[in-house]
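Read through the structure below, which is laid out as structure tokens, and then see the notes.
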Amino acid sequence: MSPMTIRIRLPHPSKKQLLGIIVPPILLAATVVVIFVGKGYVISVNTKTFEKTGMLVVKSQPDGGKIYLDGEWKSATPNTFSNLRPKTYLLRVEKDGFSSWEKYVTVYPELVTDITAVLVSNTPTLAPLTVGGASQSSYSDSIHTIAYTTSYSKPGIWILPLGRPLPITLFQSTPTLVMADTEKVKYSSSQEILWSPTGDQILVKTASDEYHLFDVSQSKELQATDSAREITDLWQAETLKKQQAFLQNQTLDTTLYNIATDSKTIWSPDGKKFLYQSDEGDKVAIMVHNMEKPIPVDEKADYKTVEYPKDKLPEKILWYPDSYHFVTKEGGSLYLVRIDGTNKTEIYSGVMDGSQVFVTPDGNKVIVSASFKKDSSPELYAVSLR
């Protein structure tokens, strides 16, 4: 007798029942994905798992630069890019009429990388700030003012505030005569002008090698002397005291501490970085030490920015107002350099006298001394970066 086969017929689920079975898991999975993406995660193609993302904030001076990430156009500055996969990107910012800006930037998990591209005009304009000569000039970092000599109209020493924004020409600004020439002393022929750290005094070295100390606000002479040593030593002591007060909360080794307190070291406008030169055999390296706390994302505490042959060192190095760039005068050209050594961009190439170079507080202009005619006194000119 053959075995009995029993067949059980199961009812086919309806479409509604199938949807009830399939949809909930899909919705659950989608919800999980949305939650993770909302928290800044992306799905890794390689590992098929969720990984944390980071953010990139891109700004530029001026605004309106085109942003490219790894060669792909994204948007215009300023803009914030969220949920970026952590990695190193090639960031490029371009704007018509300006030099392009390019830098490798790294995005880290759950962190924000903040980058500002400083763009320099391809066609800088040159506008006069003085008339009648400015043979000597000196800039006060503390009050953003230039003191300069002139023989025009009322000979003597004048001061010119570099306000925000700087007026285009002298005739729109408000220079002030602080020391007029006298029968005994021609201040307009002074050899050197030095500012006090606080910007309330200037020390003038006349053609006869005498030194005169003046109160700028009151246009009043405080002292005349044959030697400036006592006054300059006092000023250096004031500066050193301020630096030491800041450095006592820093963890610097002896070498860096000695560099930081050296009178040749150049401190940044924000007072948290300093720039110095390091002997590298047949070359000299420009170094930057950053004491910001915390160090910004994708920045370092120490940078070797640019190296120069010892016989081709810059004639002038000064900080740019953002404390993340500096300006160098090399021969007949001015350059803007980021503290990491990237984006060395020529600002201006042309006639310049000496190393009298200053940057306006807003960073929009560089002041240079130049003379365009034979046997004429140099004047101060504003070179527009944008």
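The values are calculated or read from the model by the stated rules, or taken from the named source; none is laboratory data. Every value quoted in this text rests on a predicted model; they were computed, and no experiment measured them. Here Cβ is always computed from backbone atoms with ideal geometry, including for glycine, and neighbour counts include all displayed protein chains.
The table that follows gives values for the structure above.
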| read-out | value |
| --- | --- |
| Any hit, the stretch 128-144, residues being among the small types (Gly, Ala, Ser), buried (at least 16 other Cβ atoms within 10 Å of the Cβ), over 30 Å from Ser196 (Cβ atoms) and touching a Leu at 6+ places or on another chain (Cβ under 8 Å) | no |
| Flag for Ile259 being more than 25 Å from Ala180 (Cβ to Cβ), under 24 Å from the mean Cα position of the chain (by Cα) and assigned to a strand (DSSP E or B) | no |
| Complete set of residues in the stretch 324-365 that are among the basic types (Lys, Arg) and surrounded by 20 or more Cβ atoms within 10 Å (Cβ to Cβ) | Lys329, Arg338, Lys365 |
| Unique match (being surrounded by fewer than 16 Cβ atoms within 10 Å (Cβ to Cβ), not β-branched (Val, Ile, Thr) and not assigned by TED's automatic domain parsing to the domain that holds Asp141) among Lys220, Lys241 | Lys241 |
| Candidate set from the stretch 351-386 (those that are at negative phi and small (Gly, Ala, Ser)); member that is nearest to the chain's Cα centre (by Cα) | Ser384 |
| Members of the stretch 281-294 that are outside any strand (DSSP E or B) and more than 17 Å from Leu247 (Cβ to Cβ) | Gly281, Asp282, Pro294 |
| Positions within the stretch 179-201 being within 32 Å of the chain's Cα centre (by Cα) and farther than 18 Å from Thr145 by Cβ, in sequence order | Gln191 |
| Answer from Ala76, Ala127 - the residue that is touching a residue at least 60 places away in the same chain (Cβ under 8 Å) and among the aliphatic types (A, V, I, L, M) | Ala127 |
| Answer residue from the stretch 114-134, given it is in a strand (DSSP E or B) and among the small types (Gly, Ala, Ser) and is farthest from the chain's Cα centre (by Cα) among those | Ala127 |
